[in-house]
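Beneath this line is the structure, given in structure tokens, with notes to follow.
The values are calculated or read from the model by the stated rules, or taken from the named source; none is laboratory data. Quantities reported herein were computed from a predicted structural model and do not represent experimental measurements. Cβ sites come from the backbone with ideal geometry, for glycine too, and all protein chains shown count toward neighbours. Side chains are part of the model used for accessible areas, which takes the heavy atoms of the whole protein and leaves out ligands, DNA and RNA. Shrake-Rupley method; radii C 1.70, N 1.55, O 1.52, S 1.80 Å.
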Amino acid sequence: MRLAVSVGACVIALGVATTPVAGRRDAPQQVPAGSPAAPTLVAAFQAAYNLDHDESVAIARRAVAMAPDEPAAHRALAAMLWLQILYRRGTVTVDHYLGGVSKSDIDFPKPAPDVDAEFKRELGRAIELAEARFTRAPQDVQARFDVGAAYSLQASYAASIEGKVGAAFMAARRAYDAQEDVQARD
């Protein structure tokens, strides 16, 4: 049950506010305040929240160009691409891809190959950067948050776009463990 809840939480995690948790400036954030691309990332999320998905992707691409070594920038671009795919498909609620949780994969229409490839490249880079930062500084709560947020997005994509329920649970487990560690440290 705990794992099933974590898959749903992973989807919700992408909507985490871009402001510090409970007003604390030192709390881990979806858009780290110290990032040179922070204002651009906030603008990308605002465009996505306003359902302007093409604009959100364009803005997120600018953020990646501004901060190529920032996991949050790559993760944000991947998130904007994921949302774009969901909205173009017309599948935007948890019920569409988790409904009655099952262990078998679900057959969904495939996304455009170039968008799928860009999503995977950007998410892979976000995970690589986040893991490297966490390895260098295992006590860095923001680094651990970035690892968990990236795996959360991976779980969401696997479930909602690829229909790979088993793969979603594996990534969700990694995300849950990382975020649980963040909670314990914060």
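I want to confirm something. Restricting to segment 113-148 and keeping residues that are under 22 Å from A58 (Cβ atoms) and surrounded by 18 or more Cβ atoms within 10 Å (Cβ to Cβ), which single residue is farthest from the chain's Cα centre (by Cα)?
So in segment 113-148, the residues under 22 Å from A58 (Cβ atoms) come out as 113-126, 129.
Now narrow it down to the ones that are surrounded by 18 or more Cβ atoms within 10 Å (Cβ to Cβ): 119, 122-123, 125-126, 129.
Values: F119: 11, E122: 11, L123: 8, R125: 12, A126: 9, L129: 14 Å.
Only one residue fits best here, namely L129.
Any residue in segment 95-112 that is at pLDDT 90 or above, farther than 19 Å from Y151 by Cα and not in a helix (DSSP H, G or I)? Can you show your working first?
Quick first cut of segment 95-112, residues at pLDDT 90 or above only: 112.
Right, trim to farther than 19 Å from Y151 by Cα and you get 112.
Next cut, not in a helix (DSSP H, G or I) only: 112.
The answer is yes; a qualifying residue exists.
So L77 ticks every box in (1) open to solvent by less than 10 Å² (accessible area, probe 1.4 Å); (2) at pLDDT below 95 but one. Which box is left unticked?
(2)
For segment 51-71, indicate whether the set of residues that are open to solvent by less than 80 Å² (accessible area, probe 1.4 Å), in contact with a Gly (Cβ under 9 Å, 6 or more places away or on another chain) and either at pLDDT 90 or above or aromatic (F, W, Y) (or both) is non-empty.
Scanning segment 51-71 turns up no residue that is open to solvent by less than 80 Å² (accessible area, probe 1.4 Å), in contact with a Gly (Cβ under 9 Å, 6 or more places away or on another chain) and either at pLDDT 90 or above or aromatic (F, W, Y) (or both).
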